[in-house]
1. Taking region A:148-180 only, how many residues are farther than 26 Å from residue A:28 by Cβ and modelled with pLDDT of 95 or more?
2. Please find, among B:76, B:104, the residue that is out of contact with any helix residue (DSSP H, G or I) (no Cβ under 8 Å at 6 or more places or on another chain) and more than 24 Å from residue B:274 (Cβ to Cβ).
3. Being among the aliphatic types (A, V, I, L, M) and assigned to a loop (DSSP other than H, G, I, E, B) is the filter; apply it to region B:214-258 and report the residue that is farthest from the other protein chains (Cβ to nearest Cβ).
4. Assess whether residue A:13 counts as being crowded, with 22+ Cβ neighbours inside 10 Å and within 13 Å of the chain's Cα centre (by Cα).
5. If you go through region B:61-83 one residue at a time, do you hit one that is closer than 14 Å to residue B:151 by Cβ, in contact with a Lys or Arg (Cβ under 6 Å, 6 or more places away or on another chain) and modelled with pLDDT of 95 or more?
6. For the condition closer than 29 Å to residue A:41 by Cα, without any contact (Cβ under 8 Å) to a residue 60 or more places away in the chain and not charged (D, E, K, R), what is the one hit in A:113, A:201?
7. Look through B:284, B:288, B:303, B:308 and report the one residue that is surrounded by 23 or more Cβ atoms within 10 Å (Cβ to Cβ), hydrophobic (A, V, I, L, M, F, W, C) and away from chain A (no Cβ under 14 Å).
8. Do we have any residue at all in region A:261-272 that's buried (at least 24 other Cβ atoms within 10 Å of the Cβ) and touching a Lys or Arg at 6+ places or on another chain (Cβ under 8 Å)?
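The values are calculated or read from the model by the stated rules, or taken from the named source; none is laboratory data. Because the structure is predicted, anything quoted here is derived from the model rather than measured. All Cβ positions, even for glycine, are placed from backbone atoms using ideal geometry, and neighbour counts span all protein chains on display.
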There are 2 protein chains.
Amino acid sequence: MKFLPEYSDIEQAHQNIQKYIHRTPVLTSSGINKIVGASLFFKCENFQKVGAFKFRGACNAVFSLTREEMKKGVATHSSGNHAAALALAAQMRGIPAYIVMPETSPQIKKKAVAGYGAQITFCKPTLQARETTLAEIVAKTGATEIHPYDNFNVIAGQGTAAKELIEDAGEFDVILAPVGGGGLLSGTAISAKHLVPSCKVIAAEPAGADDAFRSFRSGKLIPSENPKTIADGLLTSLGKRNFEIITSKVDDVVTVSEEKIVEAMRLIWERMKIIIEPSSAVPLAAILGKKVDVNEKKVGIILSGGNLDLGNLLF
Amino acid sequence: MKFLPEYSDIEQAHQNIQKYIHRTPVLTSSGINKIVGASLFFKCENFQKVGAFKFRGACNAVFSLTREEMKKGVATHSSGNHAAALALAAQMRGIPAYIVMPETSPQIKKKAVAGYGAQITFCKPTLQARETTLAEIVAKTGATEIHPYDNFNVIAGQGTAAKELIEDAGEFDVILAPVGGGGLLSGTAISAKHLVPSCKVIAAEPAGADDAFRSFRSGKLIPSENPKTIADGLLTSLGKRNFEIITSKVDDVVTVSEEKIVEAMRLIWERMKIIIEPSSAVPLAAILGKKVDVNEKKVGIILSGGNLDLGNLLF
């Protein structure tokens, strides 16, 4: 098997998952366009099943298993959205899902995973604890590990979001995606550069979790150390496959402040009347912070998800 | 001129305003359907221009003015959404708008009205203060008063939301709308009963502002006294035209508790990832509170708007 997916793998993934995913809408806001002086098209993966783009990759991974692999199920560690995504995909295919979650995951994400019938094991919120716990489970069950982002089929699945965005809204000058582990970004870059070679692909990352920024600039994969950001979906470190794809296909990685993330999130909530999680706001934050030149350009933005604990927000 | 609009007036209104309004989407949620045991279709007027259905009626009123009337502009009193709607419609037609707003209106609504170039006069938050202030302005300017709901053209405009809902999603067993002044409800009832005579039309009202409930049950128009509810768009008392239409065309008016309104609002935010204001949640609150029998039925719900102050909510 190849190490890195190509556009044909994204096409194959789209065929695998088409009947299980939502083809999410692409929305625009004349109010926000006026503020930023550009024409923005938002691909609304907050409306995707489980509330995040992660369902695309997880679904493709589960529906790519052999009959033999299916029997033993799938396993992963995830801070939340990938866990829910894998659990639902496994439930749809009728196979077991073993999920390792950091005990600090938002309540809403824990509930969702349990609701899809997965077997959850909680661990300390460190990459090492997650990996050790997962290794034990895989050894015991023989389940296939589905890494949240450093996985061929997952990357191919995530690339279907940008494919749909371009199919539905036409060619772009720039496409922006947030970057955490790099699954969405690497899939986006493969689709965008294949379909619109002149399109710039730019990653936006919280300054408090800037391993992709540092890795991209230095040319060496540098893991995060104690990342801190409100964008809890972007705390993870870049994967190997993701880093390779990003190095060859992404035009730039820019960082944004926490203040701009909150400002961007609020702007989308207020003007577009849709709920996005903080990670989704990072690309618009980069535009508001003038980290990306979008002047009079046609810009695609992938809104990665809409899951957050509303417990403290509503009254 | 006729006192009460009929369905042909709603068709005319739709032609008048079609190119100025958004044809808002109709969304469904399999999660919420499972919880309530029915098939719900949400007409998303939170995505309408100015963030509320009110733009339909205001737009129809403004685009129904004679040349002579246009010169002197339009005037109204409104707790918020109608004010913004009338201001924007007037701006689109290039005529003056004079708006009387209670000084207690949410900040976001005051900002919106000012942003559309209207001339605002603030007053005490009582119906009497609103009417007196408005009468002075109309006497001074000669502007045409556009009442927020007790107005022929406004009712006809509001009826276009249910018309689109039925055109886009087919026939319904039940259609639910919130009721405040009754503009949306009366327009909805005219459209629904004309297009689907067997469809029940049911109004949902906060128990803390139950003048429509009491008026409907007693057969006499009883104004609100000191209404109190989180659903700030529903504090107003039923209008005369609205009461007449509701009496003849609405099947029932039910009341809901504040707790159920918050529960319904939260359910829509969490499951559908869209932002609605509390008034919009009142029909689903009626379903959750078992005030309406929807078991296995196909139900249309008009989500009236999405404007609320996020200042205290976000971080």
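1. Selection size over region A:148-180: 8.
2. Matching residue, one of B:76, B:104: B:104.
3. Within region B:214-258, the match that is farthest from the other protein chains (Cβ to nearest Cβ) is B:221.
4. So residue A:13 does not fit the description; no.
5. yes
6. So the residue among A:113, A:201 that is closer than 29 Å to residue A:41 by Cα, without any contact (Cβ under 8 Å) to a residue 60 or more places away in the chain and not charged (D, E, K, R) is A:201.
7. When all the criteria are applied, what remains is B:284.
8. The answer is no; no qualifying residue exists.
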